[in-house]
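The values are calculated or read from the model by the stated rules, or taken from the named source; none is laboratory data. What you see is a predicted model; the values in this text were computed from it and never measured. So basically every Cβ, Gly included, is an ideal-geometry build from the backbone, and we count neighbours across all protein chains shown.
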Amino acid sequence: MAEIIYLGGNYMLENWIKPQIPEEEELDERLHAARSKLSVLQMQIKEHGLPVLVLFEGWGTAGKGSVLGKVIKNIDPRFFKVATMDEPTEEERRKPFLYRYFVKIPAKGKFEFLDSGWMDEVVKDVLHDKIGEKEYKKKIESVKRFERQLTDNGYLVMKFFFQISRKEQKKRIEVLKENKEPDGVSVEMKTGRISIMTSVCMCLTDI
């Protein structure tokens, strides 16, 4: 198993403080303004030919899929694609680590949304003993080079992490089990170690 070394700073997820949620009326106003702004920005991105790669990472049951669905409702469907990055297949594992993400790079003026990404893959590989310390370090360096190459070549890379508490995750899993939804039993449980691992990856690959 990889021995993960974190060089200074705080584990951002372990020190996360839940923000105060505005009143419903204020929240509705903010969302309305954000939707209008997103539509305008999307047209500007198209006009300027800016390629945008958006990664939605986070804990199981944190709501990545539902939020992603709400976001794309406000974007012209001609100018975006969505890809759910499940566990790599055996064929994908025979290819370079980032190949399956490289082929998702958007064209100029378009969005590509990834539901889970390379950070999620690296963390799971370590926790499930699929890679050791040497391979882990190589993958982190590959991610840093990949992200830097994208930004250096004019791509906008946006990374979002959906954070919920362990208590909230357990509550949502129980609801899924009660509704007999398969995700309720297959979700990656949030633990202290996986939280630290994820924080480390986020810090080491911060562009």
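Would you mention how many residues in segment 37-72 are modelled with pLDDT of 90 or more and outside any helix (DSSP H, G or I)?
8
Taking into account only those residues within segment 121-157 that are among the small types (Gly, Ala, Ser) and outside any helix (DSSP H, G or I), which is nearest to Phe79 (Cα to Cα)? I'd like the intermediate steps shown before the answer.
Filtering segment 121-157 down to residues among the small types (Gly, Ala, Ser) leaves 132, 142, 154.
Imposing the further condition that a residue be outside any helix (DSSP H, G or I) reduces the set to 132, 154.
Working: Gly132: 39, Gly154: 17 Å.
Ranking the qualifying residues of segment 121-157, first place goes to Gly154.
Can you name the number of the only condition in (1) in contact (Cβ under 8 Å) with a residue 60 or more places away in the chain; (2) part of a loop (DSSP other than H, G, I, E, B) that Pro88 fails?
Condition (1) is where Pro88 drops out.
So which of Glu57, Glu87 ends up being of a type in the set (Asp, Glu), surrounded by 14 or more Cβ atoms within 10 Å (Cβ to Cβ) and either closer than 19 Å to Lys159 by Cα or touching a Lys or Arg at 6+ places or on another chain (Cβ under 9 Å) (or both)?
Glu57
Which one of the conditions (1) touching a residue at least 40 places away in the same chain (Cβ under 8 Å); (2) of a type in the set (D, E, K, R); (3) under 30 Å from Gln44 (Cβ atoms); (4) not in a helix (DSSP H, G or I) does Lys81 fail to meet, given that it meets all the rest?
(1)
Out of all the residues in segment 83-106, which are touching a Gly at 6+ places or on another chain (Cβ under 9 Å) and aliphatic (A, V, I, L, M)?
Residue satisfying the conditions is Met85 alone.
Name every residue in segment 88-104 that is at pLDDT 95 or above, closer than 22 Å to Gly58 by Cβ and either of a type in the set (A, V, I, L, M) or touching a helix residue (DSSP H, G or I) at 6+ places or on another chain (Cβ under 9 Å) (or both), in order of residue number.
Listed by number, the residues that qualify are Leu98, Arg100, Tyr101.
Kindly provide the set of residues from segment 117-133 that are among the basic types (Lys, Arg) and either in contact (Cβ under 8 Å) with a residue 60 or more places away in the chain or closer than 21 Å to Phe56 by Cβ (or both), ordered by number.
Across segment 117-133, the qualifying residue is only Lys124.
Can you work out which of the residues in segment 91-120 that are of a type in the set (D, E, K, R) and in a loop (DSSP other than H, G, I, E, B) is farthest from Ile45 (Cα to Cα)?
Arg94
Hey, can you tell me all the residues within segment 109-129 that are surrounded by 15 or more Cβ atoms within 10 Å (Cβ to Cβ) and more than 26 Å from Ser66 (Cα to Cα)?
Across segment 109-129, the qualifying residues are Val126, Leu127.
Determine the pairs where a residue that is over 26 Å from Ile105 (Cα atoms) and in contact (Cβ under 8 Å) with a residue 40 or more places away in the chain, located within segment 25-49, has a partner that is surrounded by 11 or more Cβ atoms within 10 Å (Cβ to Cβ) and aliphatic (A, V, I, L, M) with Cβ atoms under 7 Å apart, the partner being 6 or more residues away or on another chain.
Here the result reads none, with nothing in segment 25-49 linked to a residue that is surrounded by 11 or more Cβ atoms within 10 Å (Cβ to Cβ) and aliphatic (A, V, I, L, M).
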